[in-house]
């Protein structure tokens with residue numbers, strides 16, 4: 001989220017993973033509500049957001065949507081200036097009038113890089129799903145405490161990851177819905193079903209993911225400008241993006257041949273742009289991860305590289321391009337040294353519009369790679 005994201009420091013890497021929590025895809029995609037339930041709500045046709053989501057003076061920086069640790073995430077958020085504080089006291093506000101329709105409660109533990117007197121301390125961790133209009137809604141993640149008014153109306157809340165609690169709590173713009181503090185950041189996601197993005201194979205994605213939007217698009221200009229003051233991303237769109245697929249090219253999301261579920265993290269391959277360094281071509285090979293519940297990957301890292309020289313562009317790679325070579329290095333090396341040694345070469349070939357051959361050659365220059373071996377993998381849209 002800031003240039004400090006890329007460092008050899010293991011503690012910092014662990015912290016970054018916690019900042020942008022690795023939700024399971026079921027959490028990244030807003031909990032679906034039954035149409036009959038939504039029809040019972042007094043929702044407007046258009047969404048209107050008029051209030052900041054939290055106290056910006058207590059935020060270190062803004063996190064754009066589209067982090068590509070695997071498939072670009074539909075949420076962004078903020079990183080706290082002073083995390084690991086108990087009790088949670090930083091307010092989270094409703095950005096617009098609407099309804100909280102689902103609450104999920106689980107628990108987190110302050111990690112080893114937190115304050116010594118708090119390491120190992122458990123704290124509550126809520127996710128709030130909100131609808132603002134007939135087409136638009138969103139969620140807050142890592143709410144550490146609910147406001148007493150919300151808590152009273154929610155009633156008994158079942159606990160556990162993935163266990164939703166359907167509610168119908170009316171909220172107004174500017175109302176405090178909860179508090180943050182012991183976590184390192186707050187996640188904020190939004191969708192608008194009237195604005196679906198293009199994906200080469202939409203069947204992979206839930207409708208709310210396909211409809212991911214930036215909540216900043218719906219805020220007044222003067223509020224957005226306040227957020228941009230702590231936004232390290234300078235590329236447009238400033239809020240980030242999640243959709244990079246371009247049909248007939250290598251750009252975007254790919255899935256290992258035979259993959260069946262979106263939560264098979266290890267079977268994902270992405271050619272996109274970095275969420276903070278938005279002009280930088282980034283390749284993510286998620287094969288080192290494990291499949292299933294995303295929290296199992298805390299402490300695990302995918303292969304994530306920046307392309308040296310920032311070319312060729314994935315959007316330019318077609319069937320006619322033949323075999324293409326990318327020389328790559330870890331992002332922190334490029335950010336620190338500008339022109340670091342090559343860490344390896346990524347070899348790709350678009351076999352047809354829906355099939356891509358891929359292989360990673362560690363510690364090899366492009367000139368030392370003559371072609372694919374038996375270790376190559378086939379990915380599909």
Revision key, fill the gap. Residue 216 passes all but one of the listed conditions (1) surrounded by 19 or more Cβ atoms within 10 Å (Cβ to Cβ); (2) free of Cβ contacts under 8 Å to residues at least 24 places away in the same chain; (3) assigned to a loop (DSSP other than H, G, I, E, B); the exception is number (3)
**Study point:** Residues satisfying the stated conditions in the stretch 297-311, i.e. surrounded by fewer than 20 Cβ atoms within 10 Å (Cβ to Cβ), in contact (Cβ under 8 Å) with a residue 40 or more places away in the chain and in a loop (DSSP other than H, G, I, E, B)
**Key:** 298, 299, 301
Exercise for review: Read through the list (1) touching a helix residue (DSSP H, G or I) at 6+ places or on another chain (Cβ under 6 Å); (2) touching a residue at least 40 places away in the same chain (Cβ under 8 Å), then give the number of the only condition that residue 327 fails.
Suggested key: (2)
Point to revise | Within the stretch 77-93, tally of residues that are surrounded by 23 or more Cβ atoms within 10 Å (Cβ to Cβ) and within 12 Å of residue 175 (Cβ to Cβ) | key: 1
Check your understanding: Could you count how many residues in the stretch 340-381 are over 15 Å from residue 267 (Cα atoms) and not in a loop (DSSP other than H, G, I, E, B)?
Key -> 14
Point to revise | Only one of 249, 221, 263 that is surrounded by fewer than 22 Cβ atoms within 10 Å (Cβ to Cβ), closer than 26 Å to residue 319 by Cα and out of contact with any strand residue (DSSP E or B) (no Cβ under 6 Å at 6 or more places or on another chain) | key: 249
Check your understanding: When residue 125 is evaluated against the numbered criteria (1) in contact with a strand residue (DSSP E or B) (Cβ under 6 Å, 6 or more places away or on another chain); (2) surrounded by fewer than 18 Cβ atoms within 10 Å (Cβ to Cβ); (3) closer than 22 Å to residue 298 by Cα, which criterion, by number, is the only one it fails?
Key -> (2)
Check your understanding: In this structure, is residue 130 over 20 Å from the mean Cα position of the chain (by Cα), part of a strand (DSSP E or B) and under 13 Å from residue 178 (Cβ atoms)?
Key -> no
Practice item. State yes or no: is residue 50 in the same structural domain as residue 120 (by TED's automatic domain parsing), at pLDDT below 50 and assigned to a loop (DSSP other than H, G, I, E, B)? Key: no
**Study point:** Search result, residues across the stretch 153-196 that are outside any loop (DSSP other than H, G, I, E, B), in contact (Cβ under 8 Å) with a residue 60 or more places away in the chain and over 22 Å from the mean Cα position of the chain (by Cα)
**Key:** 165, 166, 167, 168, 169, 170, 171, 176, 177
Practice item. Go through the stretch 86-101 and count every residue that is under 24 Å from the mean Cα position of the chain (by Cα) and over 17 Å from residue 53 (Cα atoms). Key: 1
Practice item. Considering every residue within the stretch 196-211, establish whether at least one is within 14 Å of residue 62 (Cα to Cα) and either assigned by TED's automatic domain parsing to the domain that holds residue 354 or touching a strand residue (DSSP E or B) at 6+ places or on another chain (Cβ under 6 Å) (or both). Key: no
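The values are calculated or read from the model by the stated rules, or taken from the named source; none is laboratory data. Here the structure is a predicted model, which means the values were calculated and not measured. Note that we place each Cβ from the backbone using ideal geometry, even for glycine, and neighbour counts take in every protein chain shown.
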